[in-house]
Amino acid sequence: MQQNIHFQPHLRRTSGIYVFSEPLIHLLKIVLYQNNFTWEEAKQSCEKIGFKLLSLESAEKFGCLNDIFLRKPHLARSHWTSGVYFDCQEQRKFSWCGVGEDLDESKVTWGANQPPANKAGTCLSLVLAPGKMPHIQAQDCNNKLSYICEVSIFYSSAQNVEIILF
């Protein structure tokens with residue numbers, strides 16, 4: 001049974017690691033890699049350390065990342081997420097493969113001229129640009145971009161999001 005839980009997020013900095021906390025029982029660690037890989041290479045790199053490419057399936061997670069990245073202009077670039085376009089006969093839609101959820105295109109902040117008319121072979125990046133709100137952009141999956149990995153760990157007292165830069 002799904003429950004709607006209201007929470008007041010809190011952002012604090014500890015030793016260069018940003019921690020987003022709320023009164024739930026879930027820990028989310030996020031690692032940003034600044035080396036450039038194709039989408040598949042980035043996915044495999046995350047999986048090697050037991051993580052998955054970042055999924056932006058909630059407004060809360062997107063808002064937390066927005067707060068952090070607005071304070072970090074040196075991270076301005078495109079970063080691979082787990083978003084990918086499945087061009088299967090029965091599917092034909094974007095999905096967050098990291099969490100196995102379909103993407104509702106009407107609830108995503110898209111860049112200019114996005115999503116593209118021809119979505120085949122595209123994956124989703126989170127675009128961070130100075131002076132602009134972060135947004136999602138569909139790009140050729142063979143482009144080489146930096147990427148963001150995440151892992152969920154469940155605890156009994158609080159939810160935290162750690163941003164660790166490599």
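The values are calculated or read from the model by the stated rules, or taken from the named source; none is laboratory data. Only a predicted model underlies this, so the values are computations on that prediction, with no experimental measurement involved. Backbone-built Cβ (ideal geometry, glycine too); neighbour counts: all protein chains shown.
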- Restricting the search to region 51-64, which residues are closer than 21 Å to SER95 by Cβ and touching a residue at least 60 places away in the same chain (Cβ under 8 Å)? PHE51, LYS52, LEU53, LEU54, SER55, LEU56, LYS61, PHE62
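Let's see how each residue does on (1) of a type in the set (Val, Ile, Thr); (2) more than 18 Å from GLU41 (Cβ to Cβ); (3) at pLDDT below 90:
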position: ALA112; (1), (2), (3): no, yes, yes
position: CYS123; (1), (2), (3): no, no, no
position: LEU126; (1), (2), (3): no, no, no
position: ASP140; (1), (2), (3): no, no, no
position: GLU150; (1), (2), (3): no, no, yes
